[in-house]
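Novice: First the structure, which I've put down as structure tokens, then a few questions once you've had a look.
Nothing in this text is a laboratory measurement; each read-out follows from the coordinates by a stated rule. Owing to the predicted nature of the structure, the values given are computational and were not obtained by experimental measurement. Positions of Cβ are generated from backbone atoms using ideal geometry, with glycine treated the same way; all protein chains shown enter the neighbour counts.
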Amino acid sequence: MKKILEVKNLSKYFETTNVKANSDVNLTLSRGEIHAIIGENGAGKTTLMNMLYGLVSPDSGTIIINDNEVQITHPNDAIKLGIGMVHQHFKLVPSYSVAENISLGMEPVKNKFFIDKNLEIQNIKNLSESMGLEIQPESLIKNLSVGMQQRVEILKVLYRNAEILIFDEPTAVLTPQEVKELLNVLKNLSEKGKTILFITHKLGEVMQLADTVTVMRLGKVVGTRSINNTNTKELASMMVGRDIEFSRKLNPNETGEEILDVKNIMVLNEVGVPAVKGVSFKVNKNQIVGIAGVSGNGQTELVEAIVGMKNIEFGELIFEGKNINKSNVGKRRDLGISHIPEDRIQTGLNMQANIEDNLILSQYSSDQFSRFGILLKSEMQKFSREVIQKFSVASASPGGGVSMLSGGNMQKVVLGRELFGNPKLIIANQPTRGLDVGSIEFVHETLLSYRDAGSGILLVSVELEEIINLSDIVVVMFDGLVSGIVNPDNVSIEEIGLLMAGEKINPENLIKQG
Amino acid sequence: MGNQNRKRLIRQFTIPLLAIICGLLLAAVLLLLADKSPSAAIQSIFRDAFSCSSFNNCNLFTTFSLATPLLLTGLSAVVAFRSGIFSIGQEGQMMLGAITAAYLGYWVSLPDNVHSIVIAIGAIIVGGIYGWFAGWLKIRLGINEIISTIILSEIAILLLLYLVNFPMRADQGATAYSPKIHDTAMLTVFAPGSKFGTGFVIAVSAVVLVYIYLWKSGKGYEQRMSGEAPRFAFFGGIKSEKAALRGMFISGGLAGLAGAIEVMGVHYRVVSLPIVFDGLLISYLSLLNPIILMFNSVLIAGLRNGFQLSFQYNLGINREIGSIFLIIVMLLIVKNNYFKSK
């Protein structure tokens, strides 16, 4: 098959986050093929796509389209070169019709001024028929299902004569039925000669759909395989990597009594679709339970349900033997559940407030910090100084703002607050996201010391290495369900990778929690 | 870091000052173009707004009494904004407070002192409920508070016009107004010749109380956290909705109190009160800080007095032109806030 796009040694370094998002990435697309790019979060897939679409400009390397070297500095360049992108979050005008959305900015004109509505609709009809993407050009976007909206996005790209279509996790927002339809649509498009590049982390879809698959990890291409010469097992192990140094850091200890029992809970996401679809597991004292999984598989909703920020549709949350379904966030905190949230900027901290105000959040009304409803400034300062010292929060003072602190120091403020008063259960969601190596080490050691001191810890992370190094047992989530509970001492990393991709492993290696 | 705080505080005070100086310079240029002496103009402003020749002839006292409604409505806005609700309903809440005061002041008889205290409490409750209602509309029904407070203000204004024109009308004179309140309901005036009296003291006390509430109390902490970072407050287990409703009650109560003080301390009846929408603006100019608000209210009240009345009396510049100068100064302060936030 003829080469349509070739990427040579593409590199991109992000100064602000100090991340080498892509280093010397090579990729070749042949005309008419379906090429999947898979990898864990932070593997560099999205950066690569964004460079191809002109949203991010590469530091070095070349992009060759139809044997010509090209510069893509803006999405308009990409569109001119026949590259179209179907974003994960649609960019449509809800109150406009399908036809208006598709032709937006390039409407057919009559009498040099007026939009030719009839021709517009006819054009869209012709396009949708020729591509086998059935749609009603007159219907309004806001009345369409997510799947149909995505179809409009695809038509939008095709209307601009795209030859290469880039899909960023196209199935993430779809129902299973819509996924099936989409896969058919993509096959159909490739038969019509379009080249398709899609990002995913669902191995099942890759095996069903793709002709070729490229695996990325930590900004590098691990390998490219033809789908006929590979299998899910190999892809999973390429994704998670063999060469990561795993060093289990846990002290051997007796696991204490049960503290949290999650019983078959269901939780909806923001738009009312089930994100957690019946999840059960237990956490004991002196134990770290890791929740592994590619992000977006229900972890966020699970955490928010446990801490009380989201309602549970059905199922039960049992904390120390008592049902806490009805308790609000404050009550659960009073019971001894603390929460290190994944988003420290908006959720974990108040950027406008100073360190004192940030630190007393969960106990401002306690006797320690208030008398007759008036806050005790001196106690607040004392506590702040303690935290700053104990967690060595650099360049911080009790009355200083938190917004000036580095990410690592911000996280230390969050830790200082959440770990105050020896919580019985610590929910740590992505506790090391965006931190430098030193801070990561610090967070890990802190969590381990609290485990040894008797706290039960639920650690949610998309960093598999972190989960394996720190967890007594690992609960793997996929698509809102638990795909397996394992002891990391007894299973291979590849097996966890398979579970993360929604595949099955030998049932003997799974832990059954009564 | 304490040093940094001090620097910030100094900056917060110097910004409005610099803005005023710039505004005056700009005004001076305009005055020169109009062949008026800028130095005479500026002198006249300060004389008529901020000077004090004797206790009974003190322009500063007049400025204080003019600043009172600005201060209270400004404080009302501060509390609402600090609760995360952009309420611009101070005007309506103030009207209701004024109506309440006029009603209780004439139709109810009580002993001295008790009477004015009862009126103040009544006005706070009525204004407070009106504010709370706007908050309730937002929180329970999701109605945008800007829209609802505009409509609620409109309703309050129409209600006031109706009451003053019909049921509460004092006589059949050309202007409709309610009957004069009893002496027992009037606030003490300290300096004869001005309206400077208990009203201003109440307003300043309110500043101190709001400051303590917002920055020193647990409930105020809830308020600030919910207003500044709603997600953070929710995450920490703060009942933000309750805090916001409480904030709106306090906000409405302060505006209601402003209306009551205008009746009890200045007009002794409801006419149609001058619109003191400036309170909203000044609260913003003061970066939602009650202490800065206190100074700014006096300043703006004085400048308004100076630019409008003094210019007209002394220089023959009509008051509308004078208002333009005031607006220039305010724009400059807003502009400075913009730079500060950069």
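Novice: How large is the dipole of the stretch A:347-403 about the Cα centre if only Lys and Arg carry +1 and Asp and Glu carry -1, each at its Cβ, rounded to the nearest 20 debye?
Specialist: It comes to approximately 100 debye.
Novice: Applying the Karplus parametrisation 6.51 cos²θ - 1.76 cosθ + 1.60 with θ = phi - 60° to the phi angles of the stretch A:311-322, what ³J(HN,Hα) value in whole Hz is obtained for each residue in order, glycine and proline being reported as x?
Specialist: 7, 9, 6, 8, x, 9, 10, 10, 10, 6, x, 10
Novice: How would you classify the stretch A:147-302 from its alpha-carbon gyration tensor, with a ≥ b ≥ c the square roots of the eigenvalues: rounded for a/c under 1.5, else prolate if a/b is greater than b/c, otherwise oblate?
Specialist: oblate
Novice: Under unit Cβ charges (Lys, Arg +1; Asp, Glu -1), what dipole magnitude, rounded to 20 debye, does chain B have relative to its Cα centre?
Specialist: Approximately 1180 debye in magnitude.
Novice: Under a Cβ-Cβ limit of 4.7 Å, which cysteines in chain B have nobody to pair with?
Specialist: Lacking a cysteine Cβ partner under 4.7 Å: B:22.
Novice: Return the loop-located trypsin sites (Lys or Arg not before Pro) in the stretch A:1-58 (DSSP other than H, G, I, E, B) with at most 12 other Cβ atoms within 10 Å of their own Cβ; answer none if there are none.
Specialist: A:2
Novice: Same structure again: Give me the aspartates and glutamates in straight-line cross-link reach of residue A:192: C-alpha distance below 16 Å, same-chain residues under 8 apart excluded.
Specialist: A:33, A:129, A:134, A:163, A:211
Novice: Hey, if you put +1 on the Cβ of every Lys and Arg and -1 on every Asp and Glu Cβ in the stretch B:2-340, which of B:160, B:116, B:22 ends up farthest toward the positive end of that dipole?
Specialist: After comparing all options, I get B:22.
Novice: Still on this structure, I have one more. Please list B:17-25, A:224-232 highest first by mean number of surrounding beta-carbon atoms within 10 Å per residue.
Specialist: Top to bottom by mean Cβ count within 10 Å: B:17-25, A:224-232.
Novice: Over the stretch B:215-327, with a single point scatterer placed on each C-alpha, what log10 of the ratio I(q)/I(0) does the Debye formula yield at q = 0.20, 0.21 1/Å?
Specialist: Rounded to two decimals, the profile gives -1.15, -1.20.
Novice: Continuing with this model, one more query. Roughly how crowded by other chains is peptide A:341-353, in terms of the mean Cβ count from those chains within 10 Å of each of its Cβ atoms?
Specialist: 4
Novice: Which pairs in the list A:233/A:282; A:142/A:194; A:45/A:220; A:3/A:194; A:2/A:45; A:285/A:504 are over 20 Å apart, alpha-carbon to alpha-carbon?
Specialist: Beyond 20 Å between Cα atoms: A:233/A:282; A:142/A:194; A:2/A:45; A:285/A:504.
Novice: Now, a different point. Excluding same-chain pairs closer than 8 in sequence, count the lysine pairs in chain B whose Cα atoms lie under 27 Å apart.
Specialist: Value for chain B: 13.
Novice: Tell me, what is the percent relative contact order of the stretch B:2-340, built from C-alpha pairs under 8 Å that lie six or more residues apart?
Specialist: Normalised by residue count, the contact order of the stretch B:2-340 is 33 percent.
Novice: For the stretch B:101-208, max minus min Cα coordinate along each principal axis, in Å, sorted largest first?
Specialist: Principal extents (largest minus smallest coordinate, Cα): 48, 42, 26 Å.
Novice: Can I ask one more? What number, in nm² with one decimal, is the all-direction average of the projected area of the convex hull of the alpha-carbon atoms of the stretch B:2-340?
Specialist: 19.2 nm²
Novice: Excluding same-chain residues fewer than 8 positions from residue A:424, which aspartates and glutamates have a Cα within less than 18 Å of its Cα?
Specialist: In chain and number order, the partners are A:254, A:257, A:258, A:261, A:304, A:320, A:334, A:445, A:452, A:472.
Novice: Quick one: which of A:108-119, A:398-409, B:86-97 comes out on top by average Cβ neighbours within 10 Å, and what's the full order, highest first?
Specialist: B:86-97, A:398-409, A:108-119
Novice: Rg and Dmax of chain A over Cα atoms: what are they, in angstrom?
Specialist: That works out to 25.5, 83 Å for Rg and Dmax.
Novice: State, as an integer percentage, the relative contact order of chain A based on alpha-carbon contacts under 8 Å between residues 6 or more apart.
Specialist: Across chain A, relative contact order equals 15 percent.
Novice: Suppose we keep just the DSSP beta bridges with both residues in chain A; what percent of those would be antiparallel, to 5?
Specialist: 60 percent
Novice: Based on Cβ point charges of +1 for Lys and Arg and -1 for Asp and Glu, what charge dipole magnitude is obtained for the stretch A:34-118 about its Cα centre, in debye rounded to the nearest 20?
Specialist: Using Cβ point charges on Lys, Arg, Asp and Glu, the stretch A:34-118 gives about 360 debye.
Novice: Have a look at B:268, B:103, B:257 and report the one farthest towards the positive end of the charge dipole of the stretch B:2-340, computed about the Cα centre with Cβ charges (Lys/Arg +1, Asp/Glu -1).
Specialist: Sorting the options by dipole projection puts first B:257.
Novice: Loop only by DSSP, 15 or fewer other Cβ within 10 Å of the Cβ. Give me the trypsin sites (Lys or Arg not before Pro) in the stretch A:408-514 that pass, ordered by residue number.
Specialist: Here the sparse-neighbourhood loop sites are A:504, A:512.
Novice: Here's something else I'd like to know. Once fully extended, how much extra length lies between residue A:487 and residue A:280, figured as 0.36 nm per residue of separation less the alpha-carbon to alpha-carbon distance?
Specialist: 72.9 nm
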